[in-house]
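The values are calculated or read from the model by the stated rules, or taken from the named source; none is laboratory data. Model, not experiment: these values are computed from the prediction. Here the Cβ positions follow ideal geometry from the backbone for every residue, glycine too, while neighbour counts run over all protein chains shown. These accessible areas exclude ligands, DNA and RNA; they are computed on the full protein's heavy atoms, side chains included. Shrake-Rupley method; radii C 1.70, N 1.55, O 1.52, S 1.80 Å.
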Amino acid sequence: MSSTDTANPTRTPSPAAAPTAPSTRELVARQVDYWWRVYLRTWHGTLASSFLMPLLYVVAIGVLLGGYIDSDPDQLAGAPSYLAFVVPGMIAGQVMTVGVSETSWPVMSGIKWQKVYVGQIATPLTVPSIVLAQLAFVAFRLLVAVAVFLLVLAPFGVLATWWGALLAVPVLILVGLAFAAVCFGFTAGLDSDTTLTVIYRVAILPMFLFSGAFFPVSQLPAVLEWLAKATPLWHGVSLTRMLTTDTLAGGQALVHLVYLGALAAFGTWWAVRRLTAKLVV
Amino acid sequence: MISARGLRKEFGDFTAVDGIDLDVPAGQAFGFLGPIGAGKSSSMRMIAAVSPVSGGELRVLGMDPATHGPQIRARLGVCPQDDTLDVELNVRDNLLVYGRYFGLPRGEVRDRADELLEFVQLTDKAKARVDDLSGGMKRRLTIARSLINRPDLLLLDEPTTGLDPQARHVLWDRLFRLKAQGVTLVLTTHYMDEAEQLCDRLVVMDKGRIVADGSPLDLIRTHSTREVTELRFGVSVDGGHAALADQVADLADRVEVLPDRLLLYSAQGEETLAKVHERGLQPAAVLVRRSTLEDVFLHLPGRSLVD
Ligand SMILES: Nc1ncnc2c1ncn2[C@@H]1O[C@H](COP(=O)(O)OP(=O)(O)OP(=O)(O)O)[C@@H](O)[C@H]1O
Ligand SMILES: [Mg+2]
């Protein structure tokens, strides 16, 4: 190759003419190619898990186990059958899992193992743009997971109205993002991944089991019920259930939305803060 | 390109860089030398606008890293001490995604990536996973990646550490070519021969301070004599080499005791050797040679380097 085009001949630095910094939006856009390649590399694996796992759960618990459960709709938050009750719980739980799995070990790796973030901050990219781009990728992955899930379930007749199902899509993305953002912030401050394993056991799994996905939290003793209702998953499950079973209650829905939105916003802020503390030293 | 006055870096109570002054003009190949933990990487990271300055003043490409980080980084190429390649992407994709971070159009990045793969002799590995590359290939890929934005200033933190001699020579050759094209190079290294060959100017750091500064030749002239006489005695000598040092101390400007030999510093090595023989000493092996940077290091505080 010719030797003249490998690098710039020296330019004189000119302090007066310092260009303006690119906007965060522009910097996020510059990461699309990276995340698209990550997606192409991983979509088949994630598609199987976002499609097969929920289907197995729904068939085993919703259809087969649910066949033994003969409860009246009043006890099932207005859902006509146990299957219709459990499906929004499953999907909200699934969305939580996707959100958390995308921002736990991958974030750890970006900081410590592969150090992709370390490579990225040596370019014009900034920490906020790195966090936002990764969360945008998570949102895209959530969109695919939710769309697949709803399409698979539509034939089971558990989606009361088409508009409810359609509205559930952005709601579920918000649920997943709230978890992803908080998990990003949490992981960014860790020194080792042992804590992550613990978090899965003491927070994620119990939340999945006890936050109203499988049974109404009113079944729990008062203290635990109160505790369950404080979890983000309960808000996510309730809101999704309102939409898929056509039992939307405006005031209550607004509380859920504000809670989840605030959590997503806090998580994002926290993630930027903690990732900055890790990388910019 | 770079100017620093009283530049400091603190990590809590610990001072990693303790007030250094630097001026690197355009087109220079500038080297940081120094023992482990001297503060070389800490200095490099401040210059790369990824590590906030704790004190003093720093201008890179005429801009302040605190206020113009992204603008500075847009014109830098950085090869960090630890590889930060995405090991799950293939070789070419690593370059493609990186180029996009600089806002370069996709077509331009593609052309540039192919050029650079050629430049670092990785064209036939373009589709290989980074995981499957050897250490030398990874280093070359990291250098290719750091050139994707046609940087004005290239920062290389220990570019050849851990490579075999063959791979080091390939890398040196590429760095020479860049230098010939007028790219300003700043590098850190533990290797004296690397510093001697590549750098127009060196600073030697120890414990966060600059302890010597100049061209490789200047440093040798200032901190060492013209020639060195190396004496190696058999292992049976009583008291080892240290005891013998006393016997020859007056024959040279300076005597350095190494575990396996004595180094006698003087202007005329052969003359010194003749005097050693006159004293009736019978070294098992002798070597008279010119001083190198390594001798400068034996003299300077950065001694742990050669151990
Ligand atoms: N993030 C950090 N937090 C605390 N101390 C740090 C940090 N980074 C570096 N140090 C300390 O600062 C000192 C200088 O480190 P630095 O990496 O700059 O040295 P170096 O000259 O590059 O050494 P090496 O030859 O090993 O690469 C070391 O004692 C190191 O332990
Ligand atoms: Mg270092």
**OP:** Work out the FRET efficiency for A:Trp43 and B:Asp246 from their Cβ-Cβ distance, taking R0 = 51 Å, and round it to the nearest 0.05.
**Re:** 0.10
Subject >> Rg in Å to one decimal, and Dmax rounded to a whole Å, for segment B:225-290 via C-alpha atoms >> reply: 10.5, 31
**OP:** Within the set of other residues whose C-beta is less than 10 Å from the C-beta of B:Gly34, count the net charge using Lys and Arg as +1 and Asp and Glu as -1.
**Re:** +2
**OP:** Give the distance, in whole Å, between the Cα centre of segment A:41-76 and the Cα centre of segment B:265-296.
**Re:** 84
Subject >> Relative contact order %, chain A, counting alpha carbon pairs below 8 Å whose residues are six or more apart >> reply: 26
Original post:
To the nearest 10 square angstrom, how much accessible area does B:Asp164 have with a 1.4 angstrom probe?
Top reply: 80
Original post:
Rounded, prolate or oblate: which fits segment B:145-214 when a ≥ b ≥ c are the square roots of the eigenvalues of the alpha-carbon gyration tensor, with rounded for a/c under 1.5 and prolate only if a/b beats b/c?
Top reply: oblate
Original post:
Mind checking how much accessible area A and B bury in total, 1.4 Å probe, in Å² rounded to 100?
Top reply: 3800
**OP:** Calculate the mean, over all residues of peptide A:252-263, of how many other protein chain Cβ atoms lie within 10 angstrom of the residue's Cβ.
**Re:** 0
**OP:** Quick one: net charge around A:Gly185, please, counting Lys, Arg +1 and Asp, Glu -1 for every other residue with C-beta under 14 Å from its C-beta.
**Re:** +2
**OP:** Give the relative contact order (percent, whole number) for segment B:149-307; include only Cα pairs under 8 Å separated by 6+ residues.
**Re:** 22
Subject >> Contact order normalised by residue count of segment B:225-290, Cα under 8 Å, 6+ apart, percent >> reply: 50
Original post:
Among A:20-31, A:89-100, what's the highest-first ranking by average C-beta atoms within 10 angstrom per residue?
Top reply: A:89-100, A:20-31
Original post:
When Cβ neighbours within 10 Å are restricted to other protein chains, what is their mean count per residue of peptide B:99-112?
Top reply: 3
Subject >> Rough spin-label spacing in nm, given labels placed 7 Å along Cα→Cβ, for A:Val152 and A:Ile69 >> reply: 1.9
Subject >> Whole-Hz ³J(HN,Hα) from phi, Karplus 6.51 cos²θ - 1.76 cosθ + 1.60, for segment A:195-211, glycine and proline x >> reply: 4, 4, 4, 4, 4, 4, 6, 8, 10, 5, 5, x, 5, 4, 6, 10, 9
Original post:
Under the definition of partner shielding as Cβ atoms of other protein chains within 10 Å of a residue Cβ, what is the mean value for peptide B:147-155?
Top reply: 3
Original post:
What nm distance separates the two modelled labels at B:Glu57 and A:Leu55, each placed 7 Å from Cα along Cα→Cβ?
Top reply: 6.8
**OP:** With a 1.4 Å probe and all protein chains in place, put A:Lys229, B:Lys138 in order of accessible area, largest first.
**Re:** A:Lys229, B:Lys138
**OP:** Can you check what the net charge comes to around A:Leu27, using other residues whose Cβ is under 12 Å from the Cβ of A:Leu27 (Lys, Arg +1; Asp, Glu -1)?
**Re:** +3
Original post:
What's the FRET efficiency of A:Tyr200 with A:Val144 using the Cβ-Cβ distance as r and R₀ = 22 Å, to the nearest 0.05?
Top reply: 0.45
**OP:** List every residue whose amide H lies under 5 Å from the amide H of B:Asp213, counting only residues 5 or more places away in sequence or on a different chain, with H placed 1.01 Å from N in the peptide plane.
**Re:** B:Val204
**OP:** Could you provide, to the nearest whole Å², the per residue accessible area of segment B:2-215 with probe 1.4 Å?
**Re:** 35
**OP:** Return the carbon/sulfur percentage of the accessible area of the protein assembly as shown, one whole number, probe 1.4 Å, all protein chains in place.
**Re:** 60
Original post:
How much of B:Cys199 can a 1.4 Å solvent probe reach, expressed as accessible area in Å² and rounded to 10?
Top reply: 10
Subject >> Within chain B, helix-based [θ] at 222 nm, where runs of 4 or more DSSP H residues each add -39,500 (n - 2.57), nearest 500 >> reply: -11000 deg cm²/dmol
Subject >> Spherically averaged projected area of the protein assembly as shown from its Cα convex hull (nm²) >> reply: 34.8
Subject >> Violating pairs (Cα-Cα greater than 26 angstrom) within the set A:Lys112/B:Lys40; B:Lys40/B:Lys179; A:Lys115/B:Lys138; B:Lys40/B:Lys125; A:Lys115/A:Lys229; B:Lys9/B:Lys138 >> reply: B:Lys40/B:Lys125; A:Lys115/A:Lys229; B:Lys9/B:Lys138
**OP:** Quick one: check the C-alpha center-to-center distance for segment B:1-58 versus segment A:167-190, whole angstrom.
**Re:** 39
**OP:** Please give the peptides B:89-97, B:179-187 ranked by average Cβ packing (other Cβ atoms within 10 Å per residue), highest first, as a rough proxy for protection.
**Re:** B:89-97, B:179-187
**OP:** Using packing as a proxy for protection, rank B:58-68, A:34-44 so that the peptide with the highest average count of other Cβ atoms within 10 Å comes first.
**Re:** B:58-68, A:34-44
Original post:
Pick from B:Glu194, B:Glu256, B:Glu294: which is most flexible by mean-square fluctuation in a GNM of chain B where alpha carbon atoms under 10 Å apart are linked?
Top reply: B:Glu256
Subject >> ³J(HN,Hα) computed for each position of segment B:164-179 - Karplus, 6.51 cos²θ - 1.76 cosθ + 1.60, integer Hz, glycine/proline x >> reply: 7, x, 4, 5, 5, 5, 4, 5, 4, 4, 5, 5, 4, 5, 4, 4
Subject >> Degrees between helix A:162-188 axis and first principal axis of chain A (Cα, 0 to 90, nearest 10) >> reply: 50
